[in-house]
Amino acid sequence: MTSVPRLPPLKALRAFEAVARFGNVRKAAEALAVDHTVVSRHLRVLQQWLGIRLVNTSRQGVTLTPIGKQYAERIGAALEDISFASSELQQTANNRQLIVWCIPGFATQWLLPRLPDFSSVYPDIDIVLRPTEAVPDFDKHEADAKIHYGHLHTSGLTSVVLTHPRVYAVASPAWAARHPNVREPKDLLTAALIHEDTRDQWRDWFLACGVVPGTLQGPRLWHANVAMEAAIHGQGVALANELIAAPALQSRQLQIVTTACPALDPYVLITKGEVMPAKFSAFRNWLIRTLASSASQAQA
């Protein structure tokens, strides 16, 4: 008769692996979404179960013992195998699902309102949408595709350019009324500019308009949709491409303050491998068609 393997408590193993990975009990607790005292208790339970000291604790923090380091390497690899096998199984079982990670502004302002149209055309495909800046680990089946703004140079991934949207300088009607002399890109050099995560986009926009900017000032608000919200509240001028700006322009919450509208970075669809399942091809082709239609409407 085959005996059942005697295993340590799984929660204790996960806590130990997280501590080994982060080198810190509190960071491990944040990753596991539990209190740090829970992680400390799991460490004690695991060491008592094994009868071996795996970590040393001091006022400086937690360090692994030599045998703890060896154990952490094997446990980490084993848990990764379990995670990979589980993701692979879910991917096979949920063959209707198409998991899409997408840059937040595009996800909320353009893609989300159009998903019912996709579902009506492809009722057998269930879209799982995650707005995020992060790039998924395709080998672990975290996602089937990623919609990204700008070129992404990552080996082993395949990218398709979806569209090159024009980029507008936008502000609230109230702000524009207070600054009637702003008509050309050079007029914005002394204006209150609203940035995303860096000031690079404004700098690139000025250069594309033939204006050499000096030192750029203004708040950095990380995401395009947050920068647009700040502009709607009259805090200054933001950059927004024609796709994500369209709802606010149509509702007159924002207006374009200069005639210049250069195309900067493209939206790209990223995935792993060359041969894609039919559900991905359907989504890619629908995206390209619908984006082309949006561009035609914007230019009409």
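What follows draws every value from the coordinates through simple rules; no lab data is involved. Small disclaimer: the values here were computed from a predicted structure and weren't measured. As a convention, Cβ positions derive from the backbone with ideal geometry for all residues, glycine included, and neighbour counts pool all protein chains shown.
Remark: spin-label model distance ARG130-ARG21 equals 1.3 nm, labels positioned 7 Å along the Cα→Cβ axis. Using a Förster radius of 22 Å, what is the FRET efficiency between ALA292 and ALA208 based on their Cβ-Cβ separation? Nearest 0.05, please. According to the calculation, E is roughly 0.45. Quick check: the distance between the Cα centres of segment 178-198 and segment 222-275, to the nearest angstrom? Here the two parts' Cα centres lie 15 Å apart. Of all DSSP-defined beta bridges confined to the chain, some 65% are antiparallel rather than parallel.
Prolate is the label for segment 10-91, because a/c, from the alpha-carbon gyration tensor with a ≥ b ≥ c as root eigenvalues, is 1.5 or above and a/b exceeds b/c. Treating r as the C-beta distance of LYS69 and ARG284 and R0 as 45 Å, the FRET efficiency rounds to 0.50. For a straight C-alpha distance cut-off of 15 angstrom, the aspartates and glutamates reachable from LYS186 (same-chain residues fewer than eight places away being disregarded) are ASP204.
Counting every other Cβ atom within 10 Å of each residue's Cβ, CYS102, CYS261, CYS209 order from fewest to most as CYS261, CYS209, CYS102.
When Cα Rg over 2.2 N^0.38 Å is computed from the coordinates, the matching label among [x] 2.19; [y] 1.31; [z] 1.03 is [y].
Among PHE22, PHE206, PHE16, PHE280, the order by Cβ neighbours within 10 angstrom, fewest to most, reads PHE22, PHE280, PHE206, PHE16. Extension gain for THR259 to ARG41 (0.36 nm times residue separation, less C-alpha to C-alpha distance): 72.2 nm. The listed peptides 30-39, 154-163, ordered by packing as a protection proxy, come out as 30-39, 154-163 (highest mean of other Cβ atoms within 10 Å first). With 29 Å as the limit, the listed pairs LYS11/LYS279; LYS11/LYS146; LYS69/LYS146; LYS27/LYS146; LYS27/LYS140; LYS140/LYS279 have LYS11/LYS279; LYS11/LYS146; LYS69/LYS146 beyond it between alpha carbons.
Structural descriptor for the chain: relative contact order 19 percent, calculated from alpha carbon pairs under 8 angstrom and at least 6 residues apart.
Stretched out straight at 0.36 nm per residue, the stretch from TYR122 to GLN250 would grow longer than its current Cα-Cα span by 43.2 nm. For ILE52 and SER83, the FRET efficiency from 1/(1 + (r/R0)^6), where r spans their Cβ atoms and R0 equals 25 Å, is about 0.50. Compared with the alpha-carbon gap, the fully stretched path from ARG6 to ASP197 is longer by 63.8 nm at 0.36 nm per residue.
Within segment 167-256, antiparallel bridges make up roughly 65 percent of the DSSP beta bridges whose residues both belong there. In segment 198-300, which GluC sites (Glu not before Pro) are in a loop and have at most 11 other Cβ atoms within 10 Å, using DSSP for the loop call? Those that pass, being in a loop and sparsely packed, are GLU274. Among the trypsin sites (Lys or Arg not before Pro) in segment 153-195, those placed in a DSSP loop whose Cβ has at most 13 other Cβ atoms within 10 Å are ARG183.
Coupling constants for segment 37-50 follow from the phi torsions by the Karplus curve (6.51 cos²θ - 1.76 cosθ + 1.60, θ = phi - 60°), and in residue order they are 5, 5, 4, 4, 5, 4, 4, 5, 4, 5, 5, 5, 5, 7 Hz; glycine and proline get x. Here the label points at ASN181 and GLU142, each 7 Å from Cα along the C-beta direction, are separated by 4.9 nm in the simple model.
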